Structure formats: structure tokens, C-alpha cells
Amino acid sequence: MTDPTSEPSRNQYYAELRPHSLAALWRSLHSLVPNFPQSAFQPALWRYADIRPLLLRSGEVISAEEAVRRVLILENPAASGSASITSTLYSGLQLILPGEVAPAHRHTQSAFRLIIEGSGAFTTVGGERFPMSPGDLVLTPSWEWHDHGNAGTEPVVWLDGLDIPLIRSLEAGFAESANATQQPIMTPAGTNLLTWGAGLRIPAEQDRPFRRVERFMYPYAIWRPALDSLARSGSADASGVFSLEFTNPVDGGTIMPTMSGFCHLLPAGRTTQTVRRTDGRVFHVVEGTGRIRSGDFTAAVTARDTFVVPPWHPLQISADSPLVLFSYSDRATQERLGIWRADTVTAA
């Protein structure tokens with residue numbers, strides 16, 4: 001009699017399952033439901049000084065209109081070909097040259113732009129034109145018409161952040177091109193800002209109901225002084241950083257239903273606690289210099305650099321000069337699912 005617990009007998013059983021599109025859970029349970037979050041992605045840094053010449057050359061290779069969006073994707077080195085910086089997030093650097101227009105379209109993916117360099121460019125969202133300067137954060141919510149243009153005299157570059165991988169995993173991606181290259185201006189400039197105010201808060205951890213996103217811009221001229229005011233109050237977060245969260249002022253929730261956005265200030269000479277979180281985080285250095293450590297990964301960072309810390313990877317940041325950071329993550333999604341967690345890693 002064949003021993004039912006023998007390896008050949010089990011393998012025969014597993015082979016009999018396959019034609020019926022069946023699989024034995026016990027063979028994969030520990031990888032499907034692990035004891036702690038496990039990411040195939042890795043920490044990485046993109047130095048703007050290295051990327052900028054390649055980005056400018058893309059302007060010689062293809063026009064903004066032909067490309068629709070002339071972007072170099074920041075692709076995680078552990079996931080080549082994925083067009084992803086984490087399993088749920090996308091990042092890219094977009095270039096628009098003087099006189100160019102990136103044509104109007106809309107899509108189910110939520111997006112934002114953080115302006116890195118140059119002036120004279122604009123994004124039109126919901127019929128209002130938003131002039132863009134370095135440090136400004138501009139949103140293009142899901143299914144909202146948007147186009148970009150550069151009416152200035154110099155190249156303009158910004159960081160794109162989208163939830164493309166998340167929407168791809170849900171197989172819910174739709175896009176539509178407009179009939180005209182640019183949408184008509186229906187609302188006077190400044191209306192959105194006057195309607196919704198600063199749109200900042202101290203980061204909170206409780207869930208909030210989501211409502212439609214109607215705030216489209218968060219100017220650097222507002223959020224940067226707010227960070228200084230917070231630092232003067234001494235209200236640092238648990239890791240030792242002064243942080244503010246960009247909010248959807250319609251309901252006080254996250255800026256997008258799938259993504260959260262933050263700004264941070266770490267004074268010169270300070271080092272944060274080492275913290276790990278379940279949300280994958282992308283950071284952009286707006287000002288200053290410092291160092292980052294995530295496990296065995298260490299790097300010096302300076303203004304305009306971008307780095308990523310995947311879920312549950314530890315992060316420690318040190319500031320050589322006052323360090324101002326912008327970050328975004330999928331925390332909004334995780335909070336709505338009730339699964340977001342963070343803890344401080346104690347030294348061995």
C-alpha cells in the first residue's frame with residue numbers, strides 16, 4: 001500500500017489538481033500570509049545631477065505632444081520593466097520645453113506633480129490654469145481633465161507621482177484623450193486656492209471618510225513657511241521630524257483616495273529615530289543635504305534627489321544642513337483598509 005504521506009504520492013496528488021485549476025493552500029500559506037510584510041522592491045536613490053542631462057536629451061528625441069507625456073520613469077532596480085517604484089506607486093521626471101503643450105487627457109489613475117526646476121509652465125485642471133513654480137504641488141485627481149504647457153523661456157521639470165501599479169493590479173485603468181489639445185479656461189486663476197485655503201494639517205492616524213477631491217494646488221510659498229512655524233512650536237513627530245500632511249479640505253482627509261502627501265523639515269545636525277512602516281514611501285529632497293539609511297542601504301542626498309523606501313524597510317535620516325523633504329505613499333489606501341502600521345526600530 002502506498003504511503004499517502006510520501007513525497008511521490010503527494011506530488012502525484014498535486015499533479016491531479018492542476019487540470020482542475022486547483023492548488024493546495026498549505027504549499028503557499030506562509031508566503032501568502034507572512035509573519036511580517038515582505039517586499040520584493042528595494043531602497044534606491046536617483047541623483048538629479050546624474051539624471052538631468054538625460055532628461056534634457058529626451059527633449060531632442062521626442063516632442064511633448066508626440067510623447068503625450070515626456071517622462072523618464074524612476075523604476076525600482078529590483079523590478080526592471082515594471083514601470084513601478086513600489087508595488088503600488090509610480091514615479092517619473094517630466095520635462096516640458098518652452099512653447100510646448102502636453103495634450104489634454106484624463107484617466108482613472110490619480111496623479112500629482114511636484115515642481116523641481118524652472119518657471120513659466122502651467123497645468124490646467126478642471127477649467128482653471130495653475131502657474132507652477134519650484135516646490136508647488138499640483139494635483140490631477142482621478143478622471144479630471146488636465147493638460148500642461150510652458151509659456152516661459154526655460155525648461156521646466158517636475159516629479160510625477162501616480163497610483164498606476166495599484167490601479168493596474170485592480171485592472172481598472174481607463175484613459176481618454178480630449179478633442180482639443182488644451183481645455184478651455186472656465187475659472188479665474190486663484191479661485192481654487194481662495195476657496196480651499198492652505199490645506200495642511202498635523203498628520204493624524206485615524207481613518208476619515210473620502211469625498212471628491214476638489215483642491216488642486218498647494219503652493220510652496222504656503223507650505224514651506226508652515227513647516228518653519230511648526231518647527232518653532234517644537235511639535236516634532238515620533239521619529240523627530242517636523243511633518244505636515246497635505247489634505248483634501250473637502251473632508252479633511254488625504255489628498256487622494258489612494259495616496260497621501262507630506263512635507264517634512266529636519267533641522268541641521270539632527271538624526272531621526274529608525275522607523276519602519278507598512279506603506280511604501282517616495283521622498284524628494286526639496287532643500288538641504290543629509291544622509292539616509294535603510295538597512296544595508298546608505299546614501300548621501302542633496303536637493304532635487306529622489307529616493308524610495310519600500311514597505312517595512314527601516315528608515316533613518318540625518319541632516320547635514322536643514323533638510324526639507326516632500327514624500328508620498330500609499331498610506332491613504334492602507335488606512336482605508338485598516339491595515340496601516342508603523343513602529344520604531346530599537347538598536348540591537
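The values are calculated or read from the model by the stated rules, or taken from the named source; none is laboratory data. Only a predicted model underlies this, so the values are computations on that prediction, with no experimental measurement involved. Here the Cβ is made from the backbone with ideal geometry for all residues, glycine too, and neighbour counts use every protein chain on show.
How about the stretch 252-270: which of its residues are under 21 Å from residue 312 (Cβ atoms) and assigned to a strand (DSSP E or B)?
If the condition is that a residue be under 21 Å from residue 312 (Cβ atoms) and assigned to a strand (DSSP E or B), then 254, 260, 261, 262, 264 are the ones that fit.
With the requirement that a residue be modelled with pLDDT of 95 or more, surrounded by 14 or more Cβ atoms within 10 Å (Cβ to Cβ) and more than 19 Å from residue 131 (Cα to Cα), what does the stretch 161-183 give you?
162, 163, 164, 165, 166, 167, 168, listed by residue number.
When residue 293 is evaluated against the numbered criteria (1) charged (D, E, K, R); (2) surrounded by fewer than 16 Cβ atoms within 10 Å (Cβ to Cβ); (3) under 22 Å from residue 267 (Cβ atoms), which criterion, by number, is the only one it fails?
(2)
Taking the stretch 83-95, which residues are in a loop (DSSP other than H, G, I, E, B) and touching a Phe, Trp or Tyr at 6+ places or on another chain (Cβ under 9 Å)?
Hits for the stretch 83-95 are 83, 84, 85, 86, 87, 89.
Quick one: in the stretch 144-186, of everything that is among the β-branched types (Val, Ile, Thr) and touching a strand residue (DSSP E or B) at 6+ places or on another chain (Cβ under 6 Å), which residue is nearest to residue 41 (Cα to Cα)?
Within the stretch 144-186, the match that is nearest to residue 41 (Cα to Cα) is 164.
Report every pair of residues separated by at least 6 positions or lying on different chains whose Cβ atoms are under 9 Å apart, first residue within the stretch 106-124 and without any contact (Cβ under 8 Å) to a residue 60 or more places away in the chain and farther than 20 Å from residue 189 by Cα, second of a type in the set (Asp, Glu) and part of a strand (DSSP E or B).
111/160
Identify all residues within the stretch 275-289 that are closer than 15 Å to residue 48 by Cβ and crowded, with 21+ Cβ neighbours inside 10 Å; write none if there are none.
Correct list: 282, 283, 284, 285, 286.
When you go through (1) within 25 Å of residue 165 (Cβ to Cβ); (2) out of contact with any His (no Cβ under 8 Å at 6 or more places or on another chain); (3) in contact (Cβ under 8 Å) with a residue 60 or more places away in the chain one by one for residue 224, which number turns out not to apply?
With (1) within 25 Å of residue 165 (Cβ to Cβ); (2) out of contact with any His (no Cβ under 8 Å at 6 or more places or on another chain); (3) in contact (Cβ under 8 Å) with a residue 60 or more places away in the chain applied to residue 224, the lone miss is (1).
For residue 254, are the conditions met, namely being in contact (Cβ under 8 Å) with a residue 60 or more places away in the chain, among the β-branched types (Val, Ile, Thr) and surrounded by fewer than 19 Cβ atoms within 10 Å (Cβ to Cβ)?
Spelling it out, it is not the case that residue 254 is in contact (Cβ under 8 Å) with a residue 60 or more places away in the chain, among the β-branched types (Val, Ile, Thr) and surrounded by fewer than 19 Cβ atoms within 10 Å (Cβ to Cβ).
Which of the numbered conditions does residue 272 fail, given that it passes all the others? Conditions: (1) closer than 20 Å to residue 162 by Cα; (2) surrounded by 21 or more Cβ atoms within 10 Å (Cβ to Cβ).
(1)
Of the residues in the stretch 46-77, how many are part of a loop (DSSP other than H, G, I, E, B), at pLDDT 95 or above and exposed (fewer than 15 other Cβ atoms within 10 Å of the Cβ)?
Here the count works out to 2.
Can you go through 283, 307, 262 and tell me which one is over 17 Å from residue 137 (Cα atoms) and out of contact with any helix residue (DSSP H, G or I) (no Cβ under 6 Å at 6 or more places or on another chain)?
So the residue among 283, 307, 262 that is over 17 Å from residue 137 (Cα atoms) and out of contact with any helix residue (DSSP H, G or I) (no Cβ under 6 Å at 6 or more places or on another chain) is 307.
Could you give every pair whose Cβ atoms fall below 6 Å, whose first residue belongs to the stretch 315-333 and is surrounded by fewer than 22 Cβ atoms within 10 Å (Cβ to Cβ), and whose second residue is in a loop (DSSP other than H, G, I, E, B), counting only separations of at least 6 or pairs across chains?
From the stretch 315-333, the pairs are 316/272; 316/274; 321/268; 321/288; 322/267; 322/268; 322/288; 333/258.
Residues 244, 337: which one is free of Cβ contacts under 8 Å to residues at least 40 places away in the same chain and of a type in the set (A, V, I, L, M, F, W, C)?
337
May I ask you to say which residue of 37, 43 is surrounded by 13 or more Cβ atoms within 10 Å (Cβ to Cβ), modelled with pLDDT under 95 and out of contact with any Asp or Glu (no Cβ under 6 Å at 6 or more places or on another chain)? Even if it seems obvious, please write down each step before you answer.
Working: 43 fails: modelled with pLDDT under 95.
37 is the lone residue from the list that is surrounded by 13 or more Cβ atoms within 10 Å (Cβ to Cβ), modelled with pLDDT under 95 and out of contact with any Asp or Glu (no Cβ under 6 Å at 6 or more places or on another chain).
Residues checked against (1) over 18 Å from the mean Cα position of the chain (by Cα); (2) under 18 Å from residue 163 (Cα atoms):
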residue	(1), (2)
13	yes, no
24	yes, no
65	yes, no
78	no, no
105	yes, yes
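Exactly one of (1) part of a loop (DSSP other than H, G, I, E, B); (2) surrounded by 10 or more Cβ atoms within 10 Å (Cβ to Cβ); (3) at pLDDT below 95 is unmet by residue 23. Its number?
Of (1) part of a loop (DSSP other than H, G, I, E, B); (2) surrounded by 10 or more Cβ atoms within 10 Å (Cβ to Cβ); (3) at pLDDT below 95, only one is false for residue 23: (3).
Is at least one residue of the stretch 87-97 within 19 Å of residue 51 (Cα to Cα), of a type outside the set (A, V, I, L, M, F, W, C) and in contact with a Gly (Cβ under 8 Å, 6 or more places away or on another chain)?
yes
With respect to residue 200, is the statement that it is at pLDDT 95 or above and closer than 22 Å to residue 137 by Cα true?
Here the answer is no, as residue 200 does not meet what is asked.
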